[in-house]
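Any read-out appearing in this document is the output of simple, stated calculations on the displayed coordinates, not a laboratory observation. All values derive from a computational prediction rather than experimental measurement. For neighbour counting, all protein chains shown are included, and Cβ atoms are generated from backbone atoms with ideal geometry for every residue, glycine included.
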């Protein structure tokens, strides 16, 4: 049986008295963009560093295609990564930075020019990287991740510093990479962007996995069957729905939500009792709402205002 592109199994890691990973386990499959989410201090960065052989775990394993990263020959041909867009020599040009990486992997200058074009840096490739904007450094880091045409790609906060055009571009790139059958693991705090491109999510907190599921399944569970309706007689609508066993919340002078009955049942109940309404829709939770539901007890740093909101 072919091993999964990324397999993390029972990772444990301490830094002194601080526990970074406490039994972290998940897999990343080919053909999907997997969102890797969690509060600060949840273990995301440590996990990615262990996968890439930059940190050694105290226990457990992290394999790429069934092998530890350190055992991969020409590793950039197997896995590409972006952990820190500033990890480059500011005196080198962007193209020279990639050439240095290419030579270490027996890749050609032609491949360097191909990825520069792919990320939109062809005209800026010979400029000193120290003069690049954050968005340009992000593009250069993504070019480095793509350099070896790898089957596995790990990106940490790839949306940072990108302008609106850049965000649209990277969403399309991530979908394209997954569509080519690659395994793409993306860590980001910009959940609205991940919601548009991820098909699977791994949510972590305090060094362990809190959820490992399809994005659709996660959002469906968080939506809790809520129905939103607009009525010019909100009190009458609420009374009818509560008698039918729904949990009703009044959001405004003419807007309510009801949990329990489906949208079709809500329409039937309002019709049967001659309660006027202008709109009935099934509410869909956001990835952000689902994330906060799962991580409210796992956040290491939380402001008082956020605690009150939750």
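Distance distribution note for the range 1-112: the fraction of Cα pairs above 19 angstrom is 54%. In the chain, Cα pairs under 8 Å separated by at least six residues give a relative contact order of 21 percent. Model label points for residue 56 and residue 118, set 7 angstrom from Cα along the Cα-to-Cβ axis, are 3.3 nm apart.
Please compute the Cα-Cα pair-distance distribution of the chain with 20 Å bins starting at 0, giving whole percents from short to long. The percentages, shortest bin first, are 29, 47, 21, 4. Based on alpha-carbon centroids, what's the gap between the range 1-68 and the range 180-223 in Å, whole number please? First find each Cα centre; the distance between them is then 15 Å. Computed from the Cβ-Cβ distance with R0 of 41 Å, the FRET efficiency linking residue 286 to residue 86 stands at 0.85. Dividing the mean sequence gap of close Cα pairs (under 8 Å, 6+ apart) by how many residues the range 225-282 holds gives a relative contact order of 50 percent. Note on the range 229-245 and the range 110-169: Cα centroid distance 53 Å, given to the nearest whole angstrom. The mean sequence distance of close C-alpha pairs (under 8 Å, at least 6 residues apart), as a share of the length of the range 169-239, puts its relative contact order at 17 percent. As a calculated quantity, the FRET efficiency between residue 22 and residue 2 at R0 = 25 Å, using C-beta atoms, amounts to about 0.30. Histogrammed with a bin width of 10 Å, the alpha carbon distances of the range 225-282 distribute as 28, 68, 4 percent, first bin at zero. Estimated from helical segments only, the mean residue ellipticity of the chain at 222 nm is -10000 deg cm²/dmol, where each DSSP H run of four or more residues counts as -39500 (n - 2.57).
The ranking of 81, 133 by Cβ neighbour count inside 10 Å, starting from the fewest, reads 133, 81. With the biggest extent put first, the Cα atoms of the range 115-236 measure 69, 35, 30 Å across the principal axes. Label-to-label distance, residue 253 versus residue 105, with points set 7 angstrom from Cα along the beta-carbon direction: 6.1 nm.
Net length available on complete extension from residue 71 to residue 242 is 55.4 nm, with 0.36 nm assigned per residue and the Cα-Cα distance removed. Multiplying the residue separation of residue 149 and residue 128 by 0.36 nm and removing their Cα-Cα distance gives an extension gain of 5.1 nm. With R₀ set to 35 Å, the beta-carbon distance separating residue 279 from residue 180 gives a calculated FRET efficiency near 0.25.
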